[in-house]
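Read-outs: derived from the displayed coordinates by stated rules, not from any lab. Model, not experiment: these values are computed from the prediction. We place every Cβ from the backbone using ideal geometry, glycine too, and count neighbours over all the protein chains shown.
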Amino acid sequence: MTEELRRWPGRFIAHLASERRLSSHTGSNYSRDLQALVSYCESLGIERWHDLDSQHVRQFAARAHAGGLAPRSVQRRLSAARSFFRYLIREGELKSNPGVEVRAPKAAKRLPNTLDVDQIVQLLEIPTEDALAVRDRAMMEFFYSSGLRLGELVGLDTTSVDLRDRTVRVVGKGAKTRIVPIGRVACSALAAWQRERGALASPEEPALFVGRNGRRLGARAVQERVRYWARRRGLPQRVHPHLFRHSFATHLLESSRDLRGVQELLGHADIATTQIYTHLDFQHLARIYDAAHPRARRKDR
């Protein structure tokens, strides 16, 4: 093992945390992928990063794929390597990025699962028999009403929500902030939770959603509560928090056909991501085009 190889990934991870403010989960993924790259370099006897070339990186990706790593995971691993190489260029350790021309194997597009409207109604009509049930209903109504990610929801403070204006200030990926509307039913559920929250929350705890211990509710706890209610309400499939986000986007797009609006609400930088999330019905859009566009409409005879 060479100290030169192992020193820079640690600095890069610290850079991600402090300067780019990425989440600890993202940092862990980067760390794992770069550890694989370090191990690969050591297996070839490469001792310095400037000895790595594009052929090495291409072989690194090919070995991972041949070893059973899924195409999407190879893509993520290459993305981490390219970001790391850009950092090394910035720090003067590399002159060029050896991963820039390397492409991962193509992955099949996976459309996300969703709940239909009837299933959403079935899940959200939970009996508010105690404070925790009131909290859980508010969380799930919030997920479906505003399309929040799990990390965004657990990161909310009481000051993030304005029930009078029916909006929430969300800090998303890359510490980007967006303002998202809250639906009427979700506002009602949140107001009911706020009336219960004071009896559970520890003094000075800013979190909107807290657990039995009075502290901010963690992501794992939210996942468990969603699964609990899905089982109790008789839903047959596996339900997780992100399923609400998929369903939110799909149902909104089906009603509005406003792709850009859905993109803004979801906080996507790239509209292509929104297209995948929302199950765009391209045949339906094609019919709209054929019926409406001046150059597509058939002339009446």
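Numbers at a glance
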item	result
Derived scalar couplings ³J(HN,Hα) [the stretch 213-220; Karplus, 6.51 cos²θ - 1.76 cosθ + 1.60; whole Hz; x for Gly, Pro]	7, x, 9, 3, 6, x, 4, 4
Two-site FRET efficiency, Glu47 against Arg72, from Cβ-Cβ distance with R₀ of 22 Å, rounded to 0.05	0.10
GluC sites (Glu not before Pro) lying in DSSP loop within the stretch 147-205, provided at most 16 other Cβ fall within 10 Å	Glu204
Spin-label pair Glu125/Arg164, simplified geometry with 7 Å Cα→Cβ offset, distance in nm	3.5 nm
Amide H within-cut-off set for Ser23, under 5 Å, with H built and near neighbours excluded	Gly174
Alpha carbon centroid spacing (whole Å) that separates the stretch 180-252 from the stretch 53-85	37 Å
Label point 7 Å beyond Cα of Arg21 along Cβ direction - residues of the stretch 137-176 with amide nitrogen under 20 Å	148-162, 168-176
³J(HN,Hα) computed for each position of the stretch 225-237 - Karplus, 6.51 cos²θ - 1.76 cosθ + 1.60, integer Hz, glycine/proline x	5, 5, 4, 4, 6, 5, 5, 5, 8, x, 6, x, 8
